[in-house]
Structures are given as C-alpha cells and as structure tokens.
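In what follows, a structure is listed as structure tokens, so that the remarks can point back to it.
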Amino acid sequence: MPSLLFGSVNQAVSVATVPAMTGARAHESSGAMQQFVNHVWSLLIIAAVFMVVLGERWAPDMGHFLARGFHGSELRMTIARMRIMIPSIVS
C-alpha cells in the first residue's frame, strides 16, 4: 500500500511538473519558474501529509480489505507494519 501511494505522488510530480516547467522555461523568467516549482512542491507535501494522516487513520480498514485471509496476530502485525511504512511516502 505505501508503494502504491508513493508511486501516485511520483507520477503526479512527473506528469504535472515536467511539461509545465518546460513551457515556463521557454516563456517565463527564472523567478517565475522557481515560484511555480515552490508552489508545486508545497502542494505535493501537503497532499502527501494528508495521505499519511488518512493512511494512519484507516490502516485497520485497509488491512482488513487488503489482507482478507489474515486473522488475529497476522492481521495485527500487518496493520502495525502498514502504519510504519505509510509515512515513507513523505520521504
């Protein structure tokens, strides 16, 4: 699950930033381009923190959904590991 979330953030950066930066480099000043990059990174950090908070909150529900065959200690361990790994999307 953390890999899926991290991949989503990575794809968002690639898809949104690269074409916009290429266009900004051709038509705008370097200051405008730097401001654009700052805005994009700020939004991505806010979105990643939001996803971490949601992931931590709903880790038990995601664990039950993704690990349907796990019960008892296996399920608790899966949920605990999800909670450990979910913040890795911010790094």
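Read-outs throughout are calculated quantities, based only on the coordinates presented, and are distinct from any laboratory measurement. This one's a predicted model, so the numbers in the text were calculated from it and none came from an experiment. Counting neighbours? That spans all protein chains shown, and the Cβs are built from the backbone with ideal geometry, glycine included.
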Selection from Asn10, Ile84, Ser30, by position along the positive dipole direction of the chain (Cβ): Ile84
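If you place +1 on the Cβ of every Lys and Arg, -1 on the Cβ of every Asp and Glu, and leave all else neutral, what size is the dipole of the chain about its Cα centre, to the nearest 20 Debye?
On the way: 6 positive and 4 negative charges, 39 e Å.
Using Cβ point charges on Lys, Arg, Asp and Glu, the chain gives about 180 debye.
With a length cut of 27 Å (Cα positions projected on each helix's long axis) and a Kyte-Doolittle mean of at least -1.0, go through the chain and give me the DSSP H helices that pass.
Helices passing the filter in the chain: 2-27, 30-57.
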Neighbourhood charge, 14 Å Cβ-Cβ cut-off, centred on Pro60 and excluding it, Lys, Arg +1 and Asp, Glu -1: +2
Charge context of Val49, other residues only, Cβ under 14 angstrom, K/R +1, D/E -1: 0
Pair Asn10, Leu54: separation of 7 Å Cα→Cβ label points (nm): 2.0 nm
Calculated P(r) of the chain - Cα pairs past 19 Å, %: 51 percent
The chain, relative contact order in percent, only Cα pairs under 8 angstrom and at least six apart counted: 46 percent
For peptides 69-80, 44-55, sequence by mean Cβ density within 10 Å, most packed first: 44-55, 69-80
Potential lengthening between Ala80 and Gln35 on full extension [0.36 nm per residue; Cα-Cα distance subtracted]: 12.3 nm
